[in-house]
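Visitor: Here it is: the structure, laid out below.
The values are calculated or read from the model by the stated rules, or taken from the named source; none is laboratory data. As the structure is a prediction and not an experimental result, all values here were calculated from the model. Neighbour counts are summed over all protein chains in view; Cβ atoms, including those assigned to glycine, are modelled from backbone coordinates with ideal geometry.
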Amino acid sequence: MALREIIIIPDKQLRLISKPVETVSAEVRRLADDMFETMYEAPGIGLAAIQVAQPVRLITMDLVRKEGNGLTEPRAFINPEVIAASEEMNVYEEGCLSIPEYYAEVERPKQVRIRYTDLDGNVQEEDADGLFATCIQHEIDHLNGVLFVDHISKLKRAMVMRKFEKAAKRGIKYV
Ligand code: GNR
Ligand code: NI
């Protein structure tokens, strides 16, 4: 396993449409392993492959592990799709490892049904609710080049984008 660098805005790669995974090869499984290590180290609850500069439709997630509790529930989603969404909406304060230290409320469908391929190559369907629903929608957005700030007001988005653009020009990571 190896840590990979998480790219941050305004890196244009974050706007790429990621390509479907054709076969769950050893290379795909190694990328997933590296993404778990990178996600736990960050720490974050989810990670899309494009956040480590790999434009493929692969997501890792762990909604269980908290600082030092020893429990993990690593999950990987390949080629995930939302196949149904509730009319009921939910608001959650989101953050993103590619937009460090910025948080904002985002409204999304409260429940979604997803279809995806697992690391054994089996197609699965599952209902997601609560934080799982929020996180999987946030990650699927990444696969389509969409960031959570695309769901907030234009003014707030312009402010956060400008802050990171200025920091990038000055050659620092952020602040
Ligand atoms: O670690 C993360 N926390 C989080 C909190 C609320 C909603 C979504 C997320 S995902 C984020 C990690 C990340 O950037 N995934 O793409
Ligand atoms: Ni994110």
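Visitor: Can we say HIS142 is touching an Asp or Glu at 6+ places or on another chain (Cβ under 7 Å), assigned to a helix (DSSP H, G or I) and within 10 Å of ligand 1 (Cβ to nearest atom)?
Guide: On the way: touching an Asp or Glu at 6+ places or on another chain (Cβ under 7 Å): no; assigned to a helix (DSSP H, G or I): yes; within 10 Å of ligand 1 (Cβ to nearest atom): yes.
Judged against the criteria, HIS142 is not a match.
Visitor: Can you name the residue in region 67-91 that is within 30 Å of SER25 (Cα to Cα) and charged (D, E, K, R) and, of all such residues, is farthest from the chain's Cα centre (by Cα)?
Guide: To start, the set of residues in region 67-91 that are within 30 Å of SER25 (Cα to Cα) comprises 70-84.
Remaining after also requiring charged (D, E, K, R): 73, 75, 81.
Details: GLU73: 16, ARG75: 13, GLU81: 14 Å.
The selected residue is GLU73.
Visitor: Quick check: anything in region 132-151 without any contact (Cβ under 8 Å) to a residue 12 or more places away in the chain, surrounded by fewer than 16 Cβ atoms within 10 Å (Cβ to Cβ) and of a type in the set (Asp, Glu)?
Guide: Yes, because at least one residue in region 132-151 is without any contact (Cβ under 8 Å) to a residue 12 or more places away in the chain, surrounded by fewer than 16 Cβ atoms within 10 Å (Cβ to Cβ) and of a type in the set (Asp, Glu).
Visitor: Of everything in region 105-139, what is assigned to a strand (DSSP E or B) and of a type in the set (D, E, K, R)? Give them in sequence order.
Guide: GLU105, GLU107, ARG108, ARG113, ARG115, GLU125, GLU126, ASP127, listed by residue number.
Visitor: If a residue must be surrounded by fewer than 16 Cβ atoms within 10 Å (Cβ to Cβ) and either free of Cβ contacts under 8 Å to residues at least 12 places away in the same chain or not in a strand (DSSP E or B) (or both), how many such residues does region 73-94 contain?
Guide: So the answer is 4.
Visitor: I would also like to ask the following. Just to be sure before I move on: is SER98 surrounded by 11 or more Cβ atoms within 10 Å (Cβ to Cβ) and within 11 Å of ligand 1 (Cβ to nearest atom) in the structure I sent?
Guide: For SER98, the condition - surrounded by 11 or more Cβ atoms within 10 Å (Cβ to Cβ) and within 11 Å of ligand 1 (Cβ to nearest atom) - is met.
Visitor: On to the next question. Could you tell me whether region 20-33 includes any residue that is within 30 Å of LYS169 (Cβ to Cβ) and modelled with pLDDT of 95 or more?
Guide: no
The rows are residues; the columns are (1) within 16 Å of ligand 2 (Cβ to nearest atom); (2) β-branched (Val, Ile, Thr); (3) at pLDDT 95 or above.
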{"site": "TYR116", "(1), (2), (3)": "no, no, yes"}
{"site": "GLY130", "(1), (2), (3)": "no, no, yes"}
{"site": "HIS142", "(1), (2), (3)": "yes, no, yes"}
{"site": "VAL160", "(1), (2), (3)": "yes, yes, yes"}
{"site": "PHE164", "(1), (2), (3)": "yes, no, yes"}
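Visitor: Return the residue satisfying two criteria in turn: it lies in region 34-61 and is part of a loop (DSSP other than H, G, I, E, B) and more than 12 Å from the chain's Cα centre (by Cα), and of such residues it is nearest to ligand 2 (Cβ to nearest atom).
Guide: ALA42
Visitor: Let me ask something additional. Checking ARG65 against (1) out of contact with any strand residue (DSSP E or B) (no Cβ under 9 Å at 6 or more places or on another chain); (2) in a loop (DSSP other than H, G, I, E, B); (3) exposed (fewer than 15 other Cβ atoms within 10 Å of the Cβ), which test does it fail?
Guide: The single condition ARG65 does not satisfy is (3).
Visitor: If you don't mind, another one. Of all residues being among the hydroxyl-bearing types (Ser, Thr, Tyr) and touching a residue at least 24 places away in the same chain (Cβ under 8 Å) in region 1-57, which is surrounded by the fewest Cβ atoms within 10 Å (Cβ to Cβ)? Just the residue, please.
Guide: THR23
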